[in-house]
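The values are calculated or read from the model by the stated rules, or taken from the named source; none is laboratory data. The shown structure was predicted, so the numbers you read here are calculated from the model rather than taken from an experiment. Neighbour counts run over all protein chains shown; Cβ positions are idealised from the backbone, glycine included. These area figures cover heavy atoms from the full protein model, side chains too; ligands, DNA and RNA do not enter into them. Shrake-Rupley method; radii C 1.70, N 1.55, O 1.52, S 1.80 Å.
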Amino acid sequence: PKDTARQWIVMSERLCVSTDGGASFQVVALPVPFRGNVGYDPARRALYGATKGGLQRSLDLGLTWSRLPFDFVPYAVDVLGNGDLVVSDDGRLMVIPSAKIESGLLETSMIRLTLGADLAAAACGQRTFRPVVCDGQNVVVFPDDGWNHSSCVRELGPLLSRDGGKTFRWIVYDLPTQNATGVGLRNGTLIFGGRGIQASTRFSDVQEAD
């Protein structure tokens, strides 16, 4: 809604870029395989991607990419309305202020959620947070087992933040599953997709989990 002329179709090793609302696309070979969706900051025209080779950024709408100087390996990334990044890696969800993206320094105050007592002891078979989706100051994340593919994985359901990732709470929906492989978040509406199931809900219908 903020920049509909620019659209992207993300694959693991290729990115299809449109600057005319999807009428045509240019195929771009990605420098390293991507792990999921890209996050777009329309105010700065910056695109971010989570890859096994680190956190990547593009300043030309996805045509070329460079690695940001953080030493973690991200699973998912998206952008808040103020340009802050919401990023997950092994056992952590982080909010990196836009002013510190160039620094490559991860401060303790940037870590907002963790899984397990340490990175090797992920709770309930979970390892990271993925998908991560943002819309303004709203953030929705799902606990995920990452590459672990644990047989003891328990679907814990989504977490919602309404204050830019400062606080989170568990939320539940009248859905047949608490897992999602894809999530859309726009104007107070969540759209879930995964395992052959599609559903949507308004924030006003959210119930707090026990």
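Any residue at all in the range 95-106 that is modelled with pLDDT under 95, among the hydrophobic types (A, V, I, L, M, F, W, C), in contact with a strand residue (DSSP E or B) (Cβ under 9 Å, 6 or more places away or on another chain) and farther than 29 Å from GLY188 by Cβ? Yes; the residues of the range 95-106 include at least one that is modelled with pLDDT under 95, among the hydrophobic types (A, V, I, L, M, F, W, C), in contact with a strand residue (DSSP E or B) (Cβ under 9 Å, 6 or more places away or on another chain) and farther than 29 Å from GLY188 by Cβ. For the range 152-163, the set of residues classified as farther than 13 Å from LEU185 by Cβ and at pLDDT 90 or above consists of ASP163 only. Scanning the range 58-80 for residues that are surrounded by 21 or more Cβ atoms within 10 Å (Cβ to Cβ) and not hydrophobic (A, V, I, L, M, F, W, C), we see that the one that is nearest to the chain's Cα centre (by Cα) is ASP78.
Just one residue in the set GLY54, GLY83 is in contact with a Ser or Thr (Cβ under 7 Å, 6 or more places away or on another chain), closer than 24 Å to PRO143 by Cα and open to solvent by less than 40 Å² (accessible area, probe 1.4 Å); that residue is GLY83.
Pairs linking a residue in the range 11-29 that is open to solvent by less than 80 Å² (accessible area, probe 1.4 Å) to a residue that is in a strand (DSSP E or B) and charged (D, E, K, R), with Cβ atoms under 7 Å and 6 or more positions apart or on different chains, are VAL28/ARG14.
If you filter the range 164-183 down to residues that are exposed (fewer than 15 other Cβ atoms within 10 Å of the Cβ) and closer than 14 Å to VAL133 by Cα, you find that the one that is modelled with the highest pLDDT is GLY182. Inside the range 112-151, residues that are part of a loop (DSSP other than H, G, I, E, B) and either modelled with pLDDT under 90 or surrounded by 21 or more Cβ atoms within 10 Å (Cβ to Cβ) (or both) make up a count of 17.
Checked against (1) open to solvent by less than 60 Å² (accessible area, probe 1.4 Å); (2) part of a strand (DSSP E or B), VAL32 meets all criteria but (2).
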